[in-house]
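The values are calculated or read from the model by the stated rules, or taken from the named source; none is laboratory data. On a predicted model such as this, the values are computed, not experimentally measured, just so you know. Methodologically, a virtual Cβ is constructed for each residue, glycine included, from the backbone with ideal geometry; neighbour enumeration extends over all protein chains shown. Note: areas computed on protein heavy atoms with side chains; ligands, DNA, RNA excluded. Shrake-Rupley method; radii C 1.70, N 1.55, O 1.52, S 1.80 Å.
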Amino acid sequence: MSTSPTSLRTVTLPSARVFVGAVYAICVLGMIAVFVGVIVFTDQDPLEREGPIRSIIGVGILGTAALLIVIGMGLWQARAPQRATMGAIVLGALSLLTLIAFWSGAPGVLGAGAAGLAGLTRGGRPLGGAARVAGIVGVFIALLNVVLSVGAVLLSGTM
């Protein structure tokens with residue numbers, strides 16, 4: 001009895017720069033654009049307690065802070081594998097901790113950064129062990145954040 005080898009299906013992610021940039025554009029800039037649209041095209045008071053202006057400020061600050069953390073850690077730690085391992089683990093942990101503020105785009109940006117430092121993106125050196133796990137979790141969180149952001153916009157448009 002012979003067994004046929006199973007073929008593994010792999011998905012290639014874009015480069016780390018493109019992946020982080022796309023997640024930032026969709027989850028942060030996209031949400032800011034939606035809130036600007038709410039201000040321009042609806043009668044909702046933009047200055048209310050949880051209104052569009054406060055949402056723009058919150059999303060902008062948290063999402064951009066996450067982007068700056070990813071860029072800083074990427075520039076500082078991507079050159080040496082030991083530092084990249086620690087950076088992937090730290091960014092993966094931060095992406096989990098910021099899930100409570102998923103609306104800000106920060107978990108997705110941090111998760112995409114973890115995937116980049118773990119070498120799971122195009123052109124990266126794949127790392128093993130805990131860094132690989134952190135990168136896989138980061139990819140999942142980044143994609144989940146994109147789905148939640150787009151879903152929130154689509155649901156808010158139908159209500």
Yes or no: A66 within 14 Å of A16 (Cβ to Cβ) and in contact (Cβ under 8 Å) with a residue 12 or more places away in the chain?
-> no
Count - residues of segment 34-60 that are of a type outside the set (K, R) and loosely packed, with under 13 Cβ neighbours inside 10 Å | 10
Mind listing whichever residues of segment 125-154 are within 16 Å of I26 (Cα to Cα), open to solvent by 70 Å² or more (accessible area, probe 1.4 Å) and without any contact (Cβ under 8 Å) to a residue 40 or more places away in the chain?
-> F140, L143, V147, L154
Does A114 satisfy being part of a helix (DSSP H, G or I), open to solvent by less than 20 Å² (accessible area, probe 1.4 Å) and within 18 Å of V18 (Cβ to Cβ)?
-> yes
Output for segment 61-88, where each listed residue is more than 22 Å from L29 (Cα to Cα), open to solvent by 60 Å² or more (accessible area, probe 1.4 Å) and at pLDDT 90 or above = M86
Determine if segment 12-29 includes at least one residue that is open to solvent by 40 Å² or more (accessible area, probe 1.4 Å), at pLDDT below 85 and within 30 Å of G119 (Cβ to Cβ).
-> yes
Out of curiosity, is A93 surrounded by 24 or more Cβ atoms within 10 Å (Cβ to Cβ), aliphatic (A, V, I, L, M) and modelled with pLDDT of 90 or more?
-> no
Give segment 118-139 a look and list any residue that's outside any loop (DSSP other than H, G, I, E, B), over 14 Å from the mean Cα position of the chain (by Cα) and farther than 17 Å from V18 by Cα, or say none.
-> A130, A131, R132, V133
